[in-house]
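The values are calculated or read from the model by the stated rules, or taken from the named source; none is laboratory data. Please read these numbers as outputs of a predicted model, since none were measured by experiment. Counting neighbours? That spans all protein chains shown, and the Cβs are built from the backbone with ideal geometry, glycine included.
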Amino acid sequence: MTTDIQTIQDQAVAGISAATDQRSLEEARVAFLGKKGTLAAAAAGMKDIANEDKPAFGAALNKARAAITTALESKTLELQNLADQKSIAGIDLTLPARQLPAGGLHPLTIVKDRAIQILRRMGFALADGPEIETEYHCFDALNTPDDHPARNEKDTFYFDGGKLLRTHTSSVQIRTMENTTPPVRIIAPGSAYRRDDVDATHLPVFNQLEGLYVDQDVKLGDLKGTLEYFLQAMFGDNTEVRFRPHFFPFTEPSFEIDVKLHVQGQEPKWIEVAGCGMVDPAVFKSISKQRGDESFAPAKVTGYAFGMGIDRLAMIQYGIKDIRALIENDTRFLSQFA
Ligand code: DAH
């Protein structure tokens, strides 16, 4: 009996190694190891065997099953290797892989990151505030009277219920002063919204970077020095910077800042990049009232603030003539900066 089993084992192993594909291998597996296969049939003979011979018979069965299983496994592997080799035949594996197109940063992101990097080096920390704002944070606390044109429905996106899309990042000044005590030295990059018609220099959604420094004895000279240094770090050491008197409700005195732009073949011209000024004591008064303490009492602190257009900085930096290019997602345009 045990010799029969050895025979089955030999036949099975031979049959398996003769298999040439997955299908014939599977047929061999079913024929020898399947429920109705040769080994199962032989095992059924156990009941006719003398008791003392049963252990040897059982051992022979186990050995045969193990040997057949091993043969099956190694044949499966061998067939798989063959199939793999076939599928790559004729392919030159030493060829360099096809290049995946690499992404790159958007020009606005590049310019914003650089601006943040320069200002952080000067000691400004990042601050943030919501884009859906209250009239209080966007206008009232910034000393902007009820009849100021910026508050007009024609210029500002209002929601039912009185909230609005912030028209400038200056609201972050207020939110910051509500939550900390001086000295305050923050910058707040972010989106701002106005109901402007789209043209080469206007988009209803644009990007600003707000700055605020409040401490004892902050002076106009600090503001000028900081922004001159910043703009020269951005655009080059020889960049000419000009402060032009202007009006903002929340600063006094107030200025607009221009940099001189040199374009080859054209007369150099002054381009406005930011608004700025010394924080109006009325703003400190209103914050003090809101806080119910004297941390920002106008008698104790002074400060400066500025707000610049990041889109404007990017247009100057890269000589972009139409602001719409920044939002059109044309990869031919964007890939120049990657
Ligand atoms: N918020 C002003 C604007 O959007 C810009 C600005 C001007 C911000 C003067 C300031 C500032 O912080 O002091 O036009």
Any hit, the range 270-289, residues being of a type in the set (A, V, I, L, M, F, W, C), assigned to a strand (DSSP E or B), at pLDDT below 95 and more than 16 Å from the ligand (Cβ to nearest atom): yes
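Okay, residues lined up against (1) farther than 24 Å from Ser295 by Cβ; (2) surrounded by fewer than 14 Cβ atoms within 10 Å (Cβ to Cβ); (3) in the same structural domain as Arg324 (by TED's automatic domain parsing):
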site	(1), (2), (3)
Lys112	yes, no, yes
Met122	no, no, yes
Asn152	yes, yes, yes
Phe159	yes, yes, yes
Arg175	no, no, yes
Leu209	yes, no, yes
Leu212	no, no, yes
Lys224	yes, no, yes
Top-ranked residue in the range 271-289 [being small (Gly, Ala, Ser), buried (at least 20 other Cβ atoms within 10 Å of the Cβ) and in contact with a strand residue (DSSP E or B) (Cβ under 9 Å, 6 or more places away or on another chain); ranked as nearest to Ala305 (Cα to Cα)]: Gly277
Unmet requirement for Phe296, which otherwise passes all of (1) within 27 Å of Arg120 (Cα to Cα); (2) not in a loop (DSSP other than H, G, I, E, B): (2)
Single residue of Thr70, Thr20 found to be under 60 Å from the mean Cα position of the chain (by Cα), among the polar types (S, T, N, Q), in a helix (DSSP H, G or I) and loosely packed, with under 14 Cβ neighbours inside 10 Å: Thr70
Any chance Ala200 is small (Gly, Ala, Ser), under 30 Å from Gly319 (Cβ atoms) and either in contact (Cβ under 8 Å) with a residue 24 or more places away in the chain or within 16 Å of the ligand (Cβ to nearest atom) (or both): yes
Those residues of the range 165-216 which are β-branched (Val, Ile, Thr) and within 15 Å of Ile287 (Cα to Cα), in sequence order: Val172, Ile174, Thr176, Thr180, Thr181, Val184, Val214
Tabulated pairs, the range 160-185, first over 19 Å from Pro298 (Cα atoms) and of a type in the set (A, V, I, L, M, F, W, C), second at pLDDT 95 or above and part of a helix (DSSP H, G or I), C-beta under 7 angstrom, 6+ apart or interchain: Leu164/Glu135; Leu164/Cys138
Search result, residues across the range 229-258 that are farther than 28 Å from Pro145 by Cα and either small (Gly, Ala, Ser) or within 16 Å of the ligand (Cβ to nearest atom) (or both): Phe230, Leu231, Ala233, Gly236, Val241, Arg242
Residue satisfying condition, being among the charged types (D, E, K, R), exposed (fewer than 13 other Cβ atoms within 10 Å of the Cβ) and free of Cβ contacts under 8 Å to residues at least 12 places away in the same chain, within set Asp217, Asp237: Asp237
Residue under evaluation Ala299, criteria (1) within 25 Å of Ser170 (Cβ to Cβ); (2) touching a residue at least 12 places away in the same chain (Cβ under 8 Å), criterion not met: (2)
Hits in the range 131-175 - residues which are at pLDDT below 95, of a type in the set (Lys, Arg) and closer than 20 Å to Gly275 by Cβ: Arg151
Residue in the range 193-212 that is on the phi < 0 side of the Ramachandran plot, over 27 Å from the mean Cα position of the chain (by Cα) and in a strand (DSSP E or B) present: yes
Test: residue in the range 213-231 that is in contact with a helix residue (DSSP H, G or I) (Cβ under 9 Å, 6 or more places away or on another chain), assigned to a strand (DSSP E or B) and closer than 30 Å to Leu326 by Cα: no
Residue under evaluation Gly307, criteria (1) under 19 Å from Arg185 (Cα atoms); (2) buried (at least 19 other Cβ atoms within 10 Å of the Cβ); (3) away from the ligand (no atom under 16 Å from the Cβ), criterion not met: (3)
Breaking point among (1) in contact with a helix residue (DSSP H, G or I) (Cβ under 9 Å, 6 or more places away or on another chain); (2) over 23 Å from Lys112 (Cβ atoms), for Val259: (2)
The one condition in (1) farther than 30 Å from Phe230 by Cα; (2) part of a helix (DSSP H, G or I); (3) among the basic types (Lys, Arg) that Lys35 fails to fulfil: (2)
